[in-house]
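Quick notes on the structure that follows.
The values are calculated or read from the model by the stated rules, or taken from the named source; none is laboratory data. These figures come from a predicted structure and were not determined experimentally. Please note: Cβ atoms are built from the backbone with ideal geometry, for glycine as well, and neighbour counts cover all protein chains shown. For accessibility, only protein heavy atoms count, side chains too; no ligands or nucleic acids. Shrake-Rupley method; radii C 1.70, N 1.55, O 1.52, S 1.80 Å.
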Amino acid sequence: MNLSCDGVRDLLALHVEGALDPAEAESVARHLGSCAACRAEERLERATWRALDAVPGAAPPSAFAERVAEAARRSSRWRRILPLAAAASIALLAGALALRGTRAVLSDEEVIAHLDLLENWDLVSDPELAVALDAPEEDLLPLGGGSGR
Amino acid sequence: MVRYQRGDESAFRRIVELYEGTVFNLLFRFTGSREGLEDLAQEIFLRVVRARGRYRPKAKFSTFLYRVAFNLCVNEGRSRRKLRLASLDAPSPSGDRSPRADLPDPRARPPHEAVEHEEMARRLRSILDTLPETQRMALVMNKYHDLSYREIAEALGSTEKAVKSLLARARRSVRERLAPYLGGEIPA
Ligand SMILES: [Zn+2]
């Protein structure tokens, strides 16, 4: 495959990440061997990736988690769907988590087990169904405004 | 009743505490704006609760969270931004608890470097803002959250191949727009 400079430049980011398939990687390497302009562009690609470190992130405001938990509690849907049967086990789980305190970050598995417990009244086990997050809008919007107080 | 409320709340709050940093970083680097950030972050966590039935226990929880974030920010972004965000119960966040900018301490650098760093951050921000939203989200997930192509594909509901091409285009755009400012810094 003979690549143009333009074609190489489309592939440069993947090239520096080592993410090209072998045939493409070889074509890009061959082109770079004979094209100083694209070699300069390759250096620019690496410099750009480093420069992106300058974009700042943001930290959550204090007590954010408390406010979200409060909003969840106030949601009428939350109150309506949580069966009392699950309540005791959730309280137990919460206690277990509290015992762990903050010394260890929970593994994904623990968080998952955690969610399953919250979910044990309508867990969707079918992976096909489970993939879709595009539920009807009324299912996703908070219902706090609608039903009762 | 009181006890169950306390129970489910603390379980949920624990999840929020584990992932709030991730979510704020993601949202801020994606939107570039502090305005509405807390409402957006809250909506993501509330959706995680509501959509948990669609969570596949085999998948990483963080991937599920990224997917919810992507759907909210990009798929529904345009229409939702026009509506007031849906914290029907919660009071609007007041100014004093708005997210803290995670900016580097200017005293940590010599003055001219600090100024250059801030200029670079501003320049990059405006470049990121020109990217199509899906490209921008993929780039943020890849650069700042270390997500693999496969994880990004899952979050975006796309394929690994499509994500690679998305990222390649995003990075070419950023590189070409930044080139005039990087000339002096590239070793030959
Ligand atoms: Zn060339």
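If you go through region A:25-61 and keep only what is away from the ligand (no atom under 15 Å from the Cβ), more than 29 Å from B:His117 (Cβ to Cβ) and either among the acidic types (Asp, Glu) or more than 34 Å from the chain's Cα centre (by Cα) (or both), you end up with just A:Glu26.
Counting the residues of region A:1-22 that are surrounded by fewer than 17 Cβ atoms within 10 Å (Cβ to Cβ), within 12 Å of the ligand (Cβ to nearest atom) and part of a loop (DSSP other than H, G, I, E, B) gives 2. Listed by first and then second residue, the pairs linking a residue in region A:1-28 that is more than 20 Å from B:Gln135 (Cα to Cα) and within 12 Å of chain B (Cβ to nearest Cβ) to a residue that is within 10 Å of the ligand (Cβ to nearest atom) and at pLDDT below 95, with Cβ atoms under 9 Å apart and 6 or more places separating them unless they lie on different chains, are A:Glu24/A:Leu3; A:Val28/A:Leu3. Figure legend. Inter-residue proximity from region B:17-28: first residues more than 7 Å from every other protein chain (Cβ to nearest Cβ) and without any contact (Cβ under 8 Å) to a residue 60 or more places away in the chain, second residues assigned to a helix (DSSP H, G or I) and open to solvent by 10 Å² or more (accessible area, probe 1.4 Å), beta-carbon distance below 7 Å, spacing 6+ or different chains. Indicated pairs: B:Leu27/B:Leu40. Take region B:141-169 and flag every residue that is within 18 Å of A:Gly18 (Cα to Cα) and facing chain A (nearest Cβ under 8 Å). Hits for region B:141-169 are B:Lys143, B:Tyr149, B:Lys164, B:Leu167, B:Ala168, B:Arg169.
Of all residues in region B:48-58, at least one satisfies being part of a helix (DSSP H, G or I), modelled with pLDDT of 80 or more and either facing another protein chain (nearest Cβ under 9 Å) or open to solvent by 50 Å² or more (accessible area, probe 1.4 Å) (or both). Restricting region A:31-61 to residues that are open to solvent by 50 Å² or more (accessible area, probe 1.4 Å) and among the small types (Gly, Ala, Ser), the residue that is nearest to B:Leu124 (Cα to Cα) is A:Ala37.
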